[in-house]
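Working notes for the structure below.
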Amino acid sequence: MVSRRQFFGRGAALALGAGLVSKAGAASLPEAPQMDSAAMQPPLAPPDGRPYRPVATLNGWTSPWRAKDGWKEFHLVAEPVQREIAPGMVANLWGYNGQSPGPTIECVEGDKVRIFVTNRLPEHTTIHWHGILLPSGMDGVGGLTQPQIPVGKTFVYEFEMTKSGTFMYHPHADEMVQMAMGMMGFLVVHPRNPKAVRGYAEVDRDFVFLINAYDIEPGSATPKINTMLDFNLWTWNSRAFPGIDPLVVRKGDRVRIRFGNLTMTNHPIHLHGYDFEVSGTDGGWVPKTARWPEVTTDVAVGQMRAIEFVANAPGDWAFHCHKSHHTMNAMGHDVPTTIGVDFREVAKRIERLVPGYMAMGDRGMADMGEMEMELPANTLPMMTGRGPFGPIEMGGMFTVVKVREGLAANDYRDPGWYAHPPGTVAREWTGEPFAAPRATGGAAHSPPVELQVRKPGAHGHH
Ligand SMILES: [Cu+2]
C-alpha cells in the first residue's frame with residue numbers, strides 16, 4: 001500500500017472526502033504518495049463528487065491528489081525504484097513514486113491539473129504528457145519547450161484537460177535511457193458528460209496497462225539501456241507472466257481494456273473467446289460507425305488502444321501479444337534449433353562427464369515448461385506458470401481474462417481457475433485407437449520434394 005511519506009491513504013481519502021489537504025502540503029508541495037508493492041491496488045474511487053468509473057491498473061495503482069484553489073494537484077517523484085518483474089526476479093529500474101510504471105493519473109475533462117515533478121534521478125529529466133492537448137510550454141520536451149529538470153529540483157506543469165481519453169506520460173529527456181529504465185505512466189481523462197461524447201460508452205470494468213520491454217542479463221538486475229531491438233523481458237506494466245495480474249470480470253460486464261506501447265516494436269494484442277472493437281486511441285474515441293470487429297489489434301510504438309467487449313462467455317481466456325517470442329522470458333535467444341537431432345547417444349556420453357546434463361530441444365521446446373533447470377539468481381524461467389491442466393508454457397506478455405458469474409461489482413480478486421461445465425473440455429479419444437507413432441522429424445528422412453509450377457499464361461485460362 002501507500003507507504004513512507006504517506007499522502008492520504010485510500011481509506012482516508014474516501015472517509016474524509018473532497019478538498020482534503022494534508023498538513024504538510026497545505027502551504028507548499030503536495031506530499032508524494034509512494035507505493036512499495038507490485039500488487040494491483042483497488043481502483044481509486046473519485047473523492048470529489050464528480051463520479052466516474054475509476055480504472056484498474058494491472059499490477060499498479062492510481063495516484064491520490066489534492067484539491068487546491070480549483071486545481072487538482074499531483075506530485076510525481078522521478079527516482080530509481082525496485083520492481084518485481086515476477087516472483088523470483090526484481091529489477092533495478094527508474095520510475096515514479098516507488099514503482100515502474102508510475103501511478104496512473106486520473107481526472108475529468110475540464111479539470112485544471114497541476115503536476116509537481118521532483119527529480120531524484122542521477123540525471124536531468126522532463127515529463128511529456130502524451131496525447132494531451134495543452135500549451136506548447138507544458139509539453140515537456142527538454143530543450144525545446146523547457147529546460148530539463150535538474151537533479152534535485154521540482155518543476156510544475158499546469159494545464160486543463162480539454163478532452164476525455166486514453167493517454168500516458170513519459171520523459172522527453174535522455175529518452176532512450178529513461179524509457180528503457182521504465183519511466184512511464186498511464187493517464188486517463190474521464191468525460192465530464194459521458195452521454196455527450198461521441199464514441200464513448202460507460203463500462204463496468206476499465207483496465208489499463210503500458211507495454212514495455214527490458215534487456216536484463218539473467219543473473220543481473222539492471223536493464224542494458226543500449227539495446228535497440230533484442231530485448232529479453234517482454235512486460236506489461238513492468239511485469240512478465242506469471243507475474244501479470246489476471247483481468248477479473250463479472251459475466252455480463254461491459255469491459256474496456258486500454259494499453260499503450262512504449263517498446264521498440266509493435267505488439268499484436270490478442271484476446272481469446274471474444275471479438276472486440278477498438279473504441280479509442282490516444283487521439284480520441286472511435287465513433288461506432290468507424291469500427292470493425294477484431295480478435296487481435298496491433299499497437300504500434302507510441303500508440304494507445306482501447307478495446308471493448310461484453311463479457312458474456314465465462315471462462316479463462318488467454319490474453320497476450322501474438323508475437324510468440326514476446327510470450328517468453330529471458331533465455332529465449334541464442335539457443336540453436338535442434339528439432340530432429342537425436343541427442344540420446346551424445347547425451348549419455350556427456351552425462352558421464354557432466355552429471356545431470358539435460359539434452360533439450362530435440363522434440364520442440366515444450367519440455368521447457370516443466371524442466372527444473374537451475375537458473376542464475378534473479379531471472380525467470382523462459383516459459384512458466386502452472387494451470388489446472390499443467391504447465392502453461394508461457395512467459396512475457398501473457399495473462400488471463402477470467403470471466404465469472406456473480407462477482408461483486410468491485411471484486412478484482414483472482415477467483416482461481418475456471419470450473420468448466422461437464423463435457424466442455426477437450427478430451428482424449430477413447431474409442432477405436434489409431435496408430436500415431438511420434439514423428440521422427442528431420443529433413444533427411446523426407447522424400448525429395450517435387451515442385452510443380454504452372455506458369456501463368458502457359459496453359460491458357462481455366
Ligand atoms: Cu509483442
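Rule-based calculations on the coordinates, nothing more; no lab input. Remember, it's a predicted structure, so these values are computed and weren't measured experimentally. Reconstructed Cβ throughout: ideal geometry from the backbone, glycine too, with neighbour counts over all protein chains shown.
Couple of notes before you dig in:
- Distance-filtered residues of the stretch 391-430 - backbone nitrogen under 17 Å, label point 7 angstrom along HIS322 Cα→Cβ: 397-399
- Residues ALA408 and ARG438, FRET efficiency given R0 of 45 Å [Cβ-Cβ distance, rounded to 0.05]: 0.40
- Residues with amide H under 5 Å from that of ASP282, placed H, sequence gap 5 or more: MET304
- Computed from point charges on the beta carbon alone (+1 for Lys and Arg, -1 for Asp and Glu), the dipole magnitude for the stretch 2-202 about its Cα centre is near 520 Debye.
- Under 5 Å between amide hydrogens, built in the peptide plane, is the criterion, and for GLU393 it picks out THR384 among residues at least 5 positions away or on other chains.
- Global form of the stretch 51-112, assessed from the alpha-carbon gyration tensor, a/c cut-off 1.5: oblate
- Over the stretch 110-247, relative contact order from alpha-carbon pairs under 8 Å, at least 6 apart, %: 20
- Under 5 Å from the amide H of TRP236 lie the amide H atoms of ASN212, each residue being 5 or more positions distant or on a separate chain, with H modelled from the backbone and absent for Pro and chain starts.
- For the stretch 178-192, the Karplus equation 6.51 cos²θ - 1.76 cosθ + 1.60, evaluated at θ = phi - 60°, returns couplings of 6, 6, 5, 8, x, 7, 5, x, 9, 9, 10, 10, 7, x, 6 Hz by residue, with Gly and Pro reported as x.
- Peptides ranked, highest mean first, by Cβ atoms within 10 Å: ranges 159-171, 69-81, 141-153: 159-171, 69-81, 141-153
- Shape class for the stretch 186-245, computed from the alpha carbon gyration tensor (a ≥ b ≥ c): prolate, with a/c not under 1.5 and a/b above b/c.
- The stretch 25-92, relative contact order [Cα under 8 Å, separation at least 6], %: 28
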